[in-house]
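Structure record follows, encoded as structure tokens.
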Amino acid sequence: MANARPASCSQTDQILEGLNEPQKQAVTHMGGPLLILAGAGSGKTTVLTRRVAYLISQGVAPWSILAITFTNKAANELKHRIRALLGDKAEGVWAMTFHAACLRILRTEYQALGKNARFSIMDAQDQLRIIRQVLKEMNLSERQYNPSSMLRIISSAKDKLWDPGVLARNAVSFFETKAAQAYALYQKKLSELNGMDFDDLIMKTVLLLRDNKQIREKHQNKFQYILVDEYQDTNRAQYELTKVLAASHKNLAVVGDDDQSIYNFRGADLRNILEFEKDYPSCKVVKLEQNYRSTQVILDGAYHVVSNNYFRKDKRLWTARKGGAPISVVVTRNQDEEAQFVADEILRLSATRPLGSIAVLYRTHAQSRNFEDAFMRAGIPYTIVGGLRFYERKEIKDAIAYLRLIAYPNDYISLERIINEPPRGLGPASVRRIMDYAEQNGLSIIDALCKAPDIPRLTGPQKAAAEELGIILKDVSDVENIPTHEMMAHILENTGYTRRLLSVDSPENEARLENLQELLVSMRLSASRGETLYDYLENQALASDQDMYDENKDVCVMMSLHAAKGLEFDVVFMVGMEEGLLPHARSIGDDNQIEEERRLCYVGMTRAKEILYFTLAAYRDSYYDTYLTGISRFIKEIPQDLLEFQAFDWDEL
């Protein structure tokens, strides 16, 4: 191993300056495996940065250090901080994402092996085009075998390092058997294109290192020190990659927090961090339990929630900032009052603090609608991180486009949007012919659709599909005073829009269906206020106003709990704290899923620095009726002396 000359004492002192004792232990550990259990707000990034700098200061060559992060932003931040400490001495450190590191290895080694190293990287759209070609060649209907679902199964198999044969042997359904066949053909097409997808980058690197002793030993000798950030988020393939690279020297340092493992749906394997000591019995364990972010009240509340999980490492965060305001639990009568309370409270708080220091966190994106409406009424500027505004989401824009066709007879933009949603075999040329026919005959778009059998140059199937759509829209447009939500429900059902989403069981489709249900609720409430279809569309148009957000202005932040990981705010509102929302209904009855939901609650709570609110509605509207909710079990796990209740007594729920 090529080593540089150790740094002077003054530089070492600078690297260790300001660190607490456990942080120093993590930074200065030199040989053998190291597990750094870094609680929320405990200075994880600082420790990772200082550790790399310390290794270099002790004579470790920068190019022999591999520091793996999960985002390019995190990798760039790491490199920037190391340079700030060491200057040019830090040049050569491999600080990058898993995918970037694997890409560099494959480019180099494929060329050395005489393989074509100029392979292309397929993005999500490329993958969809390829899998659709595969399904077509297999004579499989995309309605029965959704391309995205197929890609999800293939991706999951690659995360486990399964080839098509292994997937076929482990298939538990006919759909998975077909997916295994599609996987094989998909890989064949990638090979023909000399391409790889993102999962291939890691899987092929692991297989290359496993199968080629010379290449394996080369990289084991090169990377004498390996650091992995957010280790609780690694999947099986990433785990195997770090394991094989560190196999000879075992100088593997992993940083993570099992209590913040919330990405199981993306393939993250909690066992990787929980069983690290089993994989490396000689490892040193350092717990970073001093928190530099939140008050002790918030930390204690979060601990009492997450400590109910069985699968976790024992640790408890503390802070020098003793005390703090109690956690506010606010129970309102319904979701509109909940949103109004949050808006009113933010207006009050904004008198003494920036709006950008306040965040609203929710379990599902569909929950944002009530808060967006309340914020617009109150004139509170906001932005949504990690998701679109409610009315800008594809399924919502599709649904609204159907209504605009009824309200505005010549809205051809809306026709172009929904003519093939769901697929009807009607493309841009068909739209043009329908529009020309409507204009030539003085007809509305709906009437022209109903007369599709008379439109020249449409095929028989196209005429039938267009006429069917016209009749569906005509049925509701001709009924006087039909409430908007009933009109919308009829369209979604009879066009097959919801049926298509239901046909594929996926988190994305579940979220879209939840959003559509929330849209129907908003329409039902609009109708109950005596508003017409035109009133609703006008209000909705105002809600989509892009002027609401200016990135140069101070705005309140809204996001899902998943998107909030890694961020912090002075004030956090965790909304919808009800059974069925958090924990989510689909997790109830599954102990492992409940533990993940509990970790999600913990992540949300530990985003708050000073003030934390839990809000919930005693009654919540669905499309069909109004139902009584139940307080989240996670609130009940927090001692009452840490809580302050408003509106209702504890026993009332």
Practice item. Could you list all residues from region 604-630 that are of a type in the set (Val, Ile, Thr) and surrounded by fewer than 24 Cβ atoms within 10 Å (Cβ to Cβ)? Key: ILE611, THR626, THR629
Study note, to complete from the structure: Of those in region 172-219 that are under 27 Å from the mean Cα position of the chain (by Cα) and not in a helix (DSSP H, G or I), the residue modelled with the highest pLDDT is ASP197
Review point. Which residue pairs have Cβ atoms closer than 6 Å, lie 6 or more positions apart in sequence or on different chains, and pair a first residue in region 405-422 that is under 18 Å from GLU392 (Cα atoms) and among the polar types (S, T, N, Q) with a second residue that is surrounded by fewer than 23 Cβ atoms within 10 Å (Cβ to Cβ) and at pLDDT 80 or above?
Key: SER414/ALA401; SER414/ARG404
Revision key, fill the gap. All-but-one check, THR49 against (1) out of contact with any helix residue (DSSP H, G or I) (no Cβ under 8 Å at 6 or more places or on another chain); (2) β-branched (Val, Ile, Thr); (3) without any contact (Cβ under 8 Å) to a residue 60 or more places away in the chain, failing number (1)
Practice item. Tell me which residues, restricted to region 455-481, are of a type in the set (D, E, K, R) and either under 41 Å from the mean Cα position of the chain (by Cα) or assigned to a helix (DSSP H, G or I) (or both). Key: LYS463, GLU467, GLU468, LYS474, ASP475
Check your understanding: Residue check, VAL244 against (1) of a type in the set (Val, Ile, Thr); (2) assigned to a loop (DSSP other than H, G, I, E, B); (3) open to solvent by 10 Å² or more (accessible area, probe 1.4 Å); (4) touching a residue at least 12 places away in the same chain (Cβ under 8 Å), all met but one. Which one?
Key -> (2)
Point to revise | Tabulated pairs, region 109-126, first under 11 Å from MET196 (Cβ atoms), second open to solvent by less than 40 Å² (accessible area, probe 1.4 Å) and of a type in the set (Val, Ile, Thr), C-beta under 8 angstrom, 6+ apart or interchain | key: MET122/ILE130
Exercise for review: Test ARG599 against the stated conditions and say whether it is modelled with pLDDT of 95 or more, over 27 Å from ILE380 (Cβ atoms) and over 22 Å from the mean Cα position of the chain (by Cα).
Suggested key: no
Study note, to complete from the structure: Filtering helices (runs of 4 or more DSSP H) wholly in region 404-454 for at least 1 residues that are at pLDDT 90 or above and farther than 25 Å from ASN481 by Cα gives 428-440
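For (1) open to solvent by 60 Å² or more (accessible area, probe 1.4 Å); (2) aliphatic (A, V, I, L, M); (3) touching a Pro at 6+ places or on another chain (Cβ under 8 Å); (4) at pLDDT 95 or above, each residue gets a yes or a no:
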{"site": "TRP318", "(1), (2), (3), (4)": "yes, no, no, no"}
{"site": "ILE327", "(1), (2), (3), (4)": "no, yes, no, yes"}
{"site": "ASP336", "(1), (2), (3), (4)": "no, no, no, no"}
{"site": "ALA343", "(1), (2), (3), (4)": "no, yes, no, yes"}
{"site": "SER357", "(1), (2), (3), (4)": "no, no, no, no"}
{"site": "TYR362", "(1), (2), (3), (4)": "no, no, no, yes"}
{"site": "ASP373", "(1), (2), (3), (4)": "no, no, no, no"}
{"site": "MET376", "(1), (2), (3), (4)": "no, yes, no, no"}
{"site": "PRO381", "(1), (2), (3), (4)": "no, no, no, no"}
Study note, to complete from the structure: Taking region 184-217 and keeping only residues that are of a type in the set (Phe, Trp, Tyr) and within 11 Å of ILE121 (Cβ to Cβ), one is left with PHE198
Practice item. Mind counting the residues in region 559-603 that are of a type in the set (Asp, Glu), open to solvent by 10 Å² or more (accessible area, probe 1.4 Å) and within 18 Å of GLY630 (Cα to Cα)? Key: 1
Exercise for review: Could you please give the count of residues in region 43-89 that are open to solvent by 10 Å² or more (accessible area, probe 1.4 Å), small (Gly, Ala, Ser), on the phi < 0 side of the Ramachandran plot and more than 24 Å from the chain's Cα centre (by Cα)?
Suggested key: 1
Review point. If you scan region 27-42, which residues turn out to be over 24 Å from the mean Cα position of the chain (by Cα) and either within 19 Å of VAL603 (Cβ to Cβ) or assigned to a helix (DSSP H, G or I) (or both)?
Key: VAL27, THR28, ILE36
Practice item. Give me the pairs, please: first residue somewhere in region 473-484 and over 15 Å from TYR408 (Cβ atoms), second residue anywhere and in a helix (DSSP H, G or I) and small (Gly, Ala, Ser), beta-carbon distance under 6 Å, and either six or more positions apart or on two chains. Key: PRO483/ALA527
Review point. Does any residue of region 58-75 turn out to be among the aliphatic types (A, V, I, L, M) and free of Cβ contacts under 8 Å to residues at least 60 places away in the same chain?
Key: yes
Exercise for review: Test THR28 against the criterion of being closer than 29 Å to GLU610 by Cα, open to solvent by 20 Å² or more (accessible area, probe 1.4 Å) and of a type in the set (Ser, Thr, Tyr), and give yes or no.
Suggested key: no
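The values are calculated or read from the model by the stated rules, or taken from the named source; none is laboratory data. Note that this is a predicted model, so its numbers are computed, not measured. Ideal geometry is used to build each Cβ from the backbone, glycine not excepted, and the neighbour counts take in all protein chains shown. Quick note on the areas: whole protein, heavy atoms, side chains included, nothing else; ligands and nucleic acids left out. Shrake-Rupley method; radii C 1.70, N 1.55, O 1.52, S 1.80 Å.
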